[in-house]
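Every number here is computed from the coordinates shown, using simple stated rules; none is lab data. Please read these numbers as outputs of a predicted model, since none were measured by experiment. Here Cβ is always computed from backbone atoms with ideal geometry, including for glycine, and neighbour counts include all displayed protein chains.
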Amino acid sequence: MNSIAILGSARKESNTALILQRLIAGHSCDVVNLRACLVAPYNYEHIYPTGDSFISIIQRIIQAPLTIIATPVYWYSYSTPTKVFIDRFSDLLPSHQELGPRLRGRRFALLSSSSEPFPDETMVEAFSRFCDYLGINYVGCAHAQEAGDFVDSETVARIRSYFTTPPAPSGE
């Protein structure tokens with residue numbers, strides 16, 4: 001199974017898309033562009049429009065050796081498409097309880113781009129806590145200033161190593 005990258009950029013040809021392509025180059029990784037699919041915002045009634053892609057994306061994540069969440073930094077946080085996607089994980093607690101436990105032990109990495117030379121600490125902490133809450137293994141944050149070089153080559157190498165390392169069995 002291929003790894004999966006969730007691209008949450010609001011722009012078509014964004015810096016985040018460019019650095020994502022550099023990160024995954026030479027590896028088997030499918031890219032899901034949130035601009036091109038319907039992921040409705042979370043609602044407490046758990047009623048979503050026909051064609052909502054969230055659950056099908058989660059089913060792919062469960063099978064993937066690595067999931068990369070790629071987002072530009074907007075106002076010290078994720079982009080809106082990324083935030084909507086992450087908020088939808090709340091559906092895996094009450095209404096899709098069979099899927100939530102299957103995320104345990106999965107590997108997630110964060111990829112960010114911004115005008116700043118380092119990743120936003122608040123966003124990285126929020127992502128790490130999101131992973132901890134769901135039992136997901138957070139493997140690091142790769143960051144580039146705009147479309148420049150990655151800030152931390154060791155983190156990039158660690159993330160890339162998971163493309164070829166089979167994950168532990170999920171919490172099935």
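Put simply, of VAL151, VAL124 the only residue that is of a type in the set (Val, Ile, Thr), surrounded by 14 or more Cβ atoms within 10 Å (Cβ to Cβ) and over 15 Å from ILE69 (Cβ atoms) is VAL151.
I'd like the full set of residues that are among the acidic types (Asp, Glu) and out of contact with any His (no Cβ under 8 Å at 6 or more places or on another chain), limited to segment 112-170.
So in segment 112-170, the residues among the acidic types (Asp, Glu) come out as 116, 120-121, 125, 132, 146, 149, 152, 154.
Result: GLU116, ASP120, GLU121, GLU125, ASP132, GLU146, ASP149, GLU154.
All conditions in (1) over 28 Å from THR122 (Cβ atoms); (2) of a type outside the set (A, V, I, L, M, F, W, C); (3) under 14 Å from the mean Cα position of the chain (by Cα); (4) not in a loop (DSSP other than H, G, I, E, B) hold for ARG102, with the sole exception of (3).
Hey, can you tell me all the residues within segment 12-57 that are among the aromatic types (Phe, Trp, Tyr) and surrounded by fewer than 16 Cβ atoms within 10 Å (Cβ to Cβ)? The one that is among the aromatic types (Phe, Trp, Tyr) and surrounded by fewer than 16 Cβ atoms within 10 Å (Cβ to Cβ): TYR44.
Restricting GLY140, GLY135, GLY105, GLY100 to residues that are free of Cβ contacts under 8 Å to residues at least 60 places away in the same chain and surrounded by fewer than 19 Cβ atoms within 10 Å (Cβ to Cβ) narrows the list to GLY135. Residues in segment 104-144 that are of a type in the set (A, V, I, L, M, F, W, C), in contact with a Leu (Cβ under 8 Å, 6 or more places away or on another chain) and more than 18 Å from PRO72 (Cα to Cα): 3 in all. Of SER113, SER90, all but one fail to be outside any loop (DSSP other than H, G, I, E, B) and surrounded by fewer than 20 Cβ atoms within 10 Å (Cβ to Cβ); the exception is SER90. Being on the phi < 0 side of the Ramachandran plot, touching a residue at least 12 places away in the same chain (Cβ under 8 Å) and out of contact with any Phe, Trp or Tyr (no Cβ under 8 Å at 6 or more places or on another chain) is the requirement here; does ALA64 meet it? In short, yes.
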